[in-house]
Amino acid sequence: PVASSLYGPRFLTGGLGGSITHQCFYSPTPANKHQRKYWCKVAASGVCYTIVSSSSYTSSEYQGRVALGDAPHNGTFTVTMAGLRSSDAGTYRCGIGSTNEGLYASLSLTVLPDATVARPTQLIRGDLHGSVTVPCPSGDTQGDKKRFWCKVGRSSCALIAGSDGYVDRRYQGRIFITPQESSGAFRVLINDLKKEDSGLFLCGTQGPRGQDSAQEVVLQVATASALPRRPKFLSGTVGGSLSFRCHHDPKGTYEKKYLCRWKGGSCPVLLDDAGFVLESYKGRIQMSGSDPERGSYTVLLRQLREEDAGWYWCGARSGHTELTAPLKLLVRKG
């Protein structure tokens, strides 16, 4: 049986005489790794005629200008088509299976006299219950543009989070879009990963006139390598104190470990292992008992207030990657 997830960009644009490279992403299960991979073009009749397949077949009219490369260990296969003609425009499928009707992703190819090359699709892999850091390049350094992360559906891209503070209810407490760097780039951090977080996404910036630049991202959540489920909810009493452990990979090296307060899509740091403590928390919060061998550190929060209730993130930064995990604090009146 073929596992039922296969993703690829929905739209491709190529220049006349130029070439396009299309990546198809599939779950790297044993069945999928050994199955036939194909690239076909849908005719007016609805039949999809094979152009090239991993079974060493190439259609005679495409000889010398199409190639298919499979990377089963990665769960990707790539199709390159060169010497583009205006007649190449149309609907294509990249798929897996013995026929062209099985598991596939459709896309529309437009051939223009002079097309700008789109960014290649990024593949990001995460573990169930774990976290991912998605780098989003931006063609724009003007910081007044809205940054967004949306999931590509059949006809539109459903907004999941925006830098204006919007967060879809299924992602409450577990997604954060970082501020833009001087280059205009930013990152999308997602944690407590679920199986249904897999799919094709866009991240980019949006000006008053609509979308400026977007990066296609395929996110694959590996269910086989699930991380342990840690308790996500903590409760304390007004005036009391509580301590909790933050976990990270004991094998990793981290420049910074921190705790931040997640609120409507922002996450200001409350304290870190370099000694920083946010002014309004001084005397009430501390990091204690760091245990690098076990990959954990402890945070102690005293003199609890009602307004302390809400989401917090444990974080550990390694280069451009942030390892994060969410916690929700409930504060009861004494």
Find the centroid of the Cα atoms in region 175-192 and in region 64-106, then give the distance between the two in whole Å.
32 Å
To the nearest 0.05, how large is the calculated FRET efficiency for LEU278 and ALA309 if R₀ is 22 Å and r is the Cβ-Cβ distance?
0.80
Subtract the Cα-Cα distance of ALA43 and GLU293 from 0.36 nm times their separation in residues, and report this length gain in nm to one decimal.
84.0 nm
Ellipticity estimate at 222 nm from DSSP helix runs (n ≥ 4, -39,500 (n - 2.57)) divided over the chain, nearest 500
-500 deg cm²/dmol
Compare LYS257, LYS151, LYS195 in a GNM of the chain, Cα atoms joined below 10 Å, and give the one with the largest fluctuation.
LYS195
Between SER106 and SER59, what length comes free when the chain is fully extended (0.36 nm per residue of separation minus the Cα-Cα distance, one decimal in nm)?
15.0 nm
Gain upon complete extension [THR237, GLU181; 0.36 nm per residue less C-alpha separation]
16.2 nm
Write down, largest first, the equivalent ellipsoid semi-axes of region 233-332 in whole Å, where each equals the square root of 5 times an eigenvalue of the alpha-carbon gyration tensor.
22, 14, 13
Quick one: what do you get for the chain if you divide its Cα Rg by 2.2 N^0.38 Å?
1.18
Measuring from its Cα centre, the chain shows a charge dipole (+1 at each Lys and Arg Cβ, -1 at each Asp and Glu Cβ) which, in debye to the nearest 20, is 840 debye
Using the number of other C-beta atoms within 10 angstrom as an exposure proxy, rank LYS41, LYS282, LYS333, LYS256 with the fewest first.
LYS333, LYS282, LYS256, LYS41
What range in the chain is the longest one free of GluC sites (Glu not before Pro) that are in a loop by DSSP and have at most 14 other Cβ atoms within 10 angstrom?
1-100
Estimated FRET transfer efficiency (THR29, LEU123; beta-carbon r; R0 22 Å; 0.05):
0.85
Compute the Rg/Rh shape ratio of region 6-112: radius of gyration over Kirkwood radius, all on alpha-carbon atoms.
0.94
Over the chain, what relative contact order in percent results from Cα pairs under 8 Å that are six or more residues apart?
15 percent
ARG10-ARG85 pseudo-label distance in nm [points 7 Å out on the Cα-to-Cβ vector]:
3.0 nm
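No lab work stands behind these numbers, since they all come straight from the coordinates. This is a predicted model, so every value here is computed, not measured. Glycine also receives a Cβ, built like all others from the backbone with ideal geometry; neighbour counts cover every protein chain displayed.
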